[in-house]
1. Mind ordering 259-269, 367-377 by average Cβ neighbours within 10 Å, highest first?
2. Give me the percent of accessible area attributable to carbon and sulfur for region 254-338, probe 1.4 angstrom.
3. Which of the aspartates and glutamates could a cross-linker span from residue 484 if the Cα-Cα distance has to be under 18 Å and same-chain partners fewer than 8 positions apart are dropped?
4. Taking the alpha carbon gyration tensor of region 321-390, what are the square roots of 5 times its eigenvalues, largest first, to the nearest whole Å?
5. Taking a probe of 1.4 Å, how large is the accessible area per residue of region 332-372, in Å²?
6. Any chance you could list P(r) for region 241-319, counting all Cα-Cα pairs in 5 angstrom bins from zero, rounded to whole %?
7. Could you list log10 I(q)/I(0) for region 1-159 at q = 0.13 Å⁻¹, which the Debye formula gives when each Cα is one point scatterer?
8. In region 116-174, which trypsin sites (Lys or Arg not before Pro) fall in coil by DSSP and have 14 or fewer other Cβ atoms within 10 Å?
Amino acid sequence: MAARNGKQYLDGLKDEREIWIDGKKVNLFEHPSFKGSLQGMAGYFDWQHKFSDDCLVTDDVSGELMSASLILPKNKEDLEKRARCFEQLAKYSNGMLGRTPDYCNVSLTGYVSRTDAFRAAGHDKWADNLEAFYREVVEKDLSLTHTIIQPQPDKSQPDLDGINGEVAFKVVERRDDCIVVSGAKILATLGPFADELFVYPSAPITSNGSADHALMFSIPVNTKGVIMVCRDHYEVNASIQDAPFSSRFDEQDAYVIFDNVEVPLNRVFMDGDLAFYNKTVIDQLGRYGNITQQTGIRAAVKLEFAYDLCHRMAKIIKTDKRPEVIMMLGEIWSYSQLTRSSIKAGFEGAHDWGNGAFFFDESPMRALIANMPAWMIRVNDIIKTIGSHNLLATPTVGSYENPEMKDLLNKYMPSANEEGAQERAQIFRIAWDFAGSALGGRVELYERYYLTSQQRNQMFGHVNAQKNFTWNQVEEFMINSGIK
């Protein structure tokens, strides 16, 4: 089948998956809360065909069109093809959808590009399984989500001690044809709307863990025993004109419970080799150099949209000449340009990470993701500062369809420049939905933690710098200056 359209994507979700929301087990297509979000995700698949020159490439094996996000990059030309795809797909939601399928596709391609590490450790079968699964994802254009973090009900205890260990995800039985897993994992963003649940290493398993926790696999979301417990859904029943993001872009987060789930052995990519599990996390196999191309481009698109949006708001109320507003606009612009510069630096330093896998130089990308959460939070604050009370004075489209109300609004809620009263309202509605709505608040929290916390990324940056570079500037200065 290869690259699917929106209808084909939705048809693939019509199964017996177990979804819980508001204390009830629901049918994905019958629950009214999910209607707009399902259509929003279907639009993503239609978008890749609308912009097929950027988003799709020919699969060398089948000859069919496939998502360019599934390219196994071997050179800079491949990275350029992926970049065009990531850019175009990010423009669909202007970065408000964080867990679109291209996100997990890049994680998968990273592992498949480095199956040499699996084979070097004597795990040919796991490497074969990964490569076969990759082919399945390419040929069916499957939508993947991941769930990779062990829950920590008690953060005063180590990851797998006490109650943390009781709820932790692990193997409970190994059979001839499958492994049986139980426990919980957080957090499956896009979980109810995905085809596959991809579980892979995210952090080293510490001394209180065991080989039973060292797992990597993928299974269909509708696998028996996979239970998705959803938070409140932040979709609103409104037109795209009134709620451009909240009407269709809540990708939904789910807490995943595995209740004696059977994972076929041909879908197991890692099981029980604790040392190898930790090695893949610590060595990364080029992971950050690979996945941050997608995350960096999404961030750049989002920041550029926010800059344009804030400038439009400022012009509508004629604050765009005020020094303090100009400074805030310049601040957002600088974030966008630093993001683009990091992407360019990562591309310029791209190299072979082993086995022909050609990924970004990860150092500038690590610096980017260590700062990006603070930038995204600050951008939302700037939107609220520039927009001020105007963000709450936003009549709906329906208000302008009433002749009596339309005349009043045109008279008493006009734009200060050439923009009409209705367009003024729409711009401020976009801004509120972006930064202030329930969905806007959820996206801000997502930006804080989706690539782990800012603090942890700063720590990783320091450790990476000490491991991969020689720092002797102070010593050289002391020697050359005669101090030493």
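The values are calculated or read from the model by the stated rules, or taken from the named source; none is laboratory data. Owing to the predicted nature of the structure, the values given are computational and were not obtained by experimental measurement. A quick note on method: Cβ atoms are made from the backbone with ideal geometry, for glycine too, and the neighbour counts reach across all protein chains shown. When the accessible area is computed, the model is the full protein with side chains, heavy atoms only, and any ligands, DNA or RNA have been set aside. Shrake-Rupley method; radii C 1.70, N 1.55, O 1.52, S 1.80 Å.
1. Details: 259-269: 17.7, 367-377: 20.8.
Listed from highest to lowest mean packing, they are 367-377, 259-269.
2. Working: 1890 of 3320 Å².
Within region 254-338, the accessible surface is 57 percent carbon and sulfur.
3. 475, 476
4. On the way: eigenvalues 238, 26, 11 Å².
Over the Cα atoms of region 321-390, the ellipsoid semi-axes are 34, 12, 7 Å.
5. Numbers: 1600 Å² over 41 residues.
For region 332-372, the per-residue accessible area is 39 Å².
6. That works out to 3, 9, 8, 12, 15, 14, 11, 9, 7, 5, 4, 3, 1, in percent per bin.
7. The calculated log intensity ratios at q = 0.13 Å⁻¹ are -0.74.
8. Values: sites: 119, 125, 135, 140, 155, 170, 174; in loops: 155.
Listed in order of number, the matching sites are 155.
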